[in-house]
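A.B. asks: Have a look at this one.
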Amino acid sequence: MAVASLHCTFSPKISTSLKLPEVTQGVQLSCSWRSVNKVLRSRYDGDRLQRKKGKWSLIPSKSRGNSTVLCSLAASPAGEVVISSEKKVYDIVLKQAALVKKQLSSNVLLDVKPKLVAPRTQNLLKEAYDRCGEVCAEYAKTFYLGTLLMTPERRRAIWAIYVWCRRTDELVDGPNAFHITPSALDRWESRLENLFAARPYDLFDAALSDTISKFPVDIQPLKDMIEGMRMDLKKSRYRNFDELYLYCYYVAGTVGLMSVPVMGISPESKATTESVYNAALALGIANQLTNILRDVRDDARRGRIYLPQDELAQAGLSDQDVFNGKVTDKWRNFMKSQIKRARMFFSKAENAVTELNQASRWPVWASLLLYRQILDEIEANDYDNFTKRAYVSKAKKLMALPIAFGRSLVSPSSRKQPSLGKA
Ligand SMILES: CC(C)=CCC/C(C)=C/CC/C(C)=C/CC/C(C)=C/[C@@H]1[C@@H](COP(=O)(O)OP(=O)(O)O)[C@]1(C)CC/C=C(\C)CC/C=C(\C)CCC=C(C)C
Ligand SMILES: [Mn+2]
């Protein structure tokens with residue numbers, strides 16, 4: 001975690017040294033003082049934390065405004081104030097939103113089409129996209145069906161992004177994962193840079209290269225996904241949710257940031273671009289947290305435990321309990337709190353699906369409803385994710401599709417003013 005410029009020592013004078021100059025006006029501060037084992041949350045715009053008689057307390061500033069949320073700082077065991085993953089990722093989201101706004105307003109991309117492309121190149125591109133569609137249909141049938149409602153350009157672009165993500169994940173999870181080294185990921189990253197510079201290596205890359213020339217997709221989220229794969233190579237435990245959150249951003253939140261520039265925000269939407277990006281990030285995080293809860297057994301077999309270590313310990317559980325795979329009341333309680341957190345991220349995402357372009361809403365609603373149901377299935381299995389794999393039956397999947405379709409018809413203007421939780 002990056003250390004903020006503020007370094008605190010645990011002296012009685014902490015309240016005065018904690019003026020937190022780095023934090024922007026009007027954002028929420030959550031300080032976690034692990035060395036005193038206490039977590040305090042507050043909103044920051046001049047708030048201070050004070051330690052009196054060994055207890056931490058918050059001194060709110062008189063000038064506190066209403067526009068709040070989301071810069072969190074955490075204190076390392078040494079007592080340094082560090083920037084939390086949530087804050088780091090939020091900064092990336094803001095940058096991405098600003099970038100896409102700038103690109104769209106300068107009309108550099110979508111509006112200058114159609115471009116003159118030689119017929120041979122056009123044929124190759126068609127083939128490239130068709131193959132992306134085939135991969136997508138093979139690996140993610142329901143999602144593929146959902147994309148069929150999108151405009152042809154958007155659908156093909158999402159397929160190209162999907163294939164790139166799938167291939168990236170396969171590097172560390174696929175049949176050749178055993179041979180994958182950090183330098184292989186470096187090579188994958190230079191290949192990415194090349195395709196962003198219109199020098200694709202193969203047909204799939206060519207499809208993505210074409211996509212990024214048509215939609216304002218930035219390279220950062222794709223690079224960050226590769227970073228997530230690097231993390232998978234070197235890390236098999238997560239000390240706390242802060243560490244896990246960063247991993248989830250890398251491997252899944254990034255998907256939201258890559259997809260929104262293609263899906264587009266509805267012209268009727270009054271939501272800020274940042275809030276939509278933030279919701280897209282939340283959907284990725286929610287999906288990945290759900291993945292982790294569903295796959296506890298499979299991951300443990302590979303020696304991996306993605307569950308936050310400190311929360312396991314607080315629940316009276318250890319790695320060994322996860323490896324033993326016995327469903328106890330401690331495990332049930334632990335799972336309940338993890339499921340609750342994943343649902344919270346789904347709710348955050350839900351608020352903004354309506355803000356997307358009409359034709360993009362259905363696949364997003366469908367994927368949200370279907371993925372969230374995995375959590376219901378874990379509950380229905382009495383939290384036994386050791387001997388049972390939570391999955392959503394075909395019948396339930398089919399039932400979710402018309403519900404998703406119904407929801408996708410709600411347009412931004414026809415619903416109550418949303419509370420999008422800007423961060
Ligand atoms: C405003 C708003 C809510 C907009 C929606 C934004 C949006 C489309 C978000 C998409 C979120 C999403 C589907 C994230 C994927 C999360 C995920 C499951 C990531 C998986 C990572 C690795 O996990 P693991 O190895 O543990 O899992 P497996 O056992 O291997 O499954 C991934 C596998 C990374 C690779 C991700 C993909 C292959 C999915 C890529 C999907 C798209 C590009 C399309 C997204 C579009 C829709 C409509 C859902
Ligand atoms: Mn995987």
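A.B. asks: Just wondering, is there one or more residues in region 169-186 that are within 30 Å of Ile265 (Cα to Cα) and within 16 Å of ligand 2 (Cβ to nearest atom)?
C.D. replies: yes
For (1) assigned to a loop (DSSP other than H, G, I, E, B); (2) closer than 21 Å to Arg154 by Cβ, each residue gets a yes or a no:
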{"residue": "Asp169", "(1), (2)": "no, no"}
{"residue": "Val172", "(1), (2)": "no, no"}
{"residue": "Phe178", "(1), (2)": "no, no"}
{"residue": "Ala184", "(1), (2)": "no, no"}
{"residue": "Ser190", "(1), (2)": "no, no"}
{"residue": "Pro200", "(1), (2)": "yes, yes"}
{"residue": "Ala207", "(1), (2)": "no, yes"}
{"residue": "Thr211", "(1), (2)": "no, yes"}
{"residue": "Pro216", "(1), (2)": "yes, yes"}
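A.B. asks: Which one is farthest from Met344 (Cα to Cα) among residues in region 378-414 that are hydroxyl-bearing (Ser, Thr, Tyr) and outside any helix (DSSP H, G or I)?
C.D. replies: Thr387
A.B. asks: A follow-up question, please. Considering only residues that are charged (D, E, K, R) and in a helix (DSSP H, G or I), which ones fall in region 354-377?
C.D. replies: Those that are charged (D, E, K, R) and in a helix (DSSP H, G or I): Arg361, Arg372, Asp376, Glu377.
A.B. asks: Taking Arg389 as meeting all but one of (1) more than 16 Å from ligand 2 (Cβ to nearest atom); (2) at pLDDT below 95; (3) under 27 Å from Met229 (Cα atoms), write down the number of the exception.
C.D. replies: (1)
A.B. asks: Does any residue in region 170-190 that is in contact (Cβ under 8 Å) with a residue 24 or more places away in the chain come within less than 6 Å, Cβ to Cβ, of a residue that is within 16 Å of ligand 1 (Cβ to nearest atom) and part of a loop (DSSP other than H, G, I, E, B) six or more places away or on a different chain, and which pairs are these?
C.D. replies: From residues that are in contact (Cβ under 8 Å) with a residue 24 or more places away in the chain, the pairs are Leu171/Ile180; Val172/Ile180.
A.B. asks: Moving on. Does region 265-279 hold any residues that are under 15 Å from Ser360 (Cα atoms) and charged (D, E, K, R), and which are they?
C.D. replies: Once the filter is applied, which keeps residues that are under 15 Å from Ser360 (Cα atoms) and charged (D, E, K, R), region 265-279 yields only Glu268.
A.B. asks: Just wondering, is there one or more residues in region 218-229 that are within 30 Å of Arg302 (Cβ to Cβ), of a type in the set (S, T, N, Q) and within 11 Å of the chain's Cα centre (by Cα)?
C.D. replies: No - not one qualifying residue is present in region 218-229.
A.B. asks: While we're looking at this one, here's another question. Of all the residues that make up region 134-155, how many are in a helix (DSSP H, G or I), among the small types (Gly, Ala, Ser) and within 16 Å of ligand 2 (Cβ to nearest atom)?
C.D. replies: 0
A.B. asks: Could I ask something else about it? Given the structure, is Phe405 aromatic (Phe, Trp, Tyr), modelled with pLDDT of 95 or more and surrounded by 14 or more Cβ atoms within 10 Å (Cβ to Cβ)?
C.D. replies: Against the criterion (aromatic (Phe, Trp, Tyr), modelled with pLDDT of 95 or more and surrounded by 14 or more Cβ atoms within 10 Å (Cβ to Cβ)), Phe405 does not qualify.
A.B. asks: Continuing with this model, one more query. Provide a single number: the residues in region 320-331 that are surrounded by fewer than 19 Cβ atoms within 10 Å (Cβ to Cβ) and either touching a residue at least 60 places away in the same chain (Cβ under 8 Å) or of a type in the set (Phe, Trp, Tyr) (or both).
C.D. replies: 3
A.B. asks: Does Ala198 count as surrounded by 19 or more Cβ atoms within 10 Å (Cβ to Cβ) and more than 16 Å from ligand 2 (Cβ to nearest atom)?
C.D. replies: no
A.B. asks: When you go through Gln373, Gln309, Gln358 one by one, which is the residue that is at pLDDT below 95, surrounded by 16 or more Cβ atoms within 10 Å (Cβ to Cβ) and away from ligand 1 (no atom under 11 Å from the Cβ)?
C.D. replies: Being at pLDDT below 95, surrounded by 16 or more Cβ atoms within 10 Å (Cβ to Cβ) and away from ligand 1 (no atom under 11 Å from the Cβ) holds for just one of Gln373, Gln309, Gln358, which is Gln358.
A.B. asks: Pull up region 201-233, narrow it to residues that are among the small types (Gly, Ala, Ser) and crowded, with 17+ Cβ neighbours inside 10 Å, then point me to the one that is farthest from Ala128 (Cα to Cα).
C.D. replies: Going through the qualifying residues, I end up with Gly228.
A.B. asks: If you don't mind, another one. Restricting to region 252-276, and then to whatever is within 16 Å of Leu368 (Cβ to Cβ) and away from ligand 2 (no atom under 16 Å from the Cβ), can you tell me which residue is surrounded by the most Cβ atoms within 10 Å (Cβ to Cβ)?
C.D. replies: So, considering only residues that are within 16 Å of Leu368 (Cβ to Cβ) and away from ligand 2 (no atom under 16 Å from the Cβ), the one surrounded by the most Cβ atoms within 10 Å (Cβ to Cβ) is Val260.
A.B. asks: Report yes if Asn287 is of a type in the set (S, T, N, Q) and either under 26 Å from Arg167 (Cα atoms) or within 16 Å of ligand 2 (Cβ to nearest atom) (or both), otherwise no.
C.D. replies: It is true that Asn287 is of a type in the set (S, T, N, Q) and either under 26 Å from Arg167 (Cα atoms) or within 16 Å of ligand 2 (Cβ to nearest atom) (or both).
The values are calculated or read from the model by the stated rules, or taken from the named source; none is laboratory data. The structure presented is a predicted model; accordingly, all values stated were derived computationally and were not measured. Backbone-built Cβ (ideal geometry, glycine too); neighbour counts: all protein chains shown.
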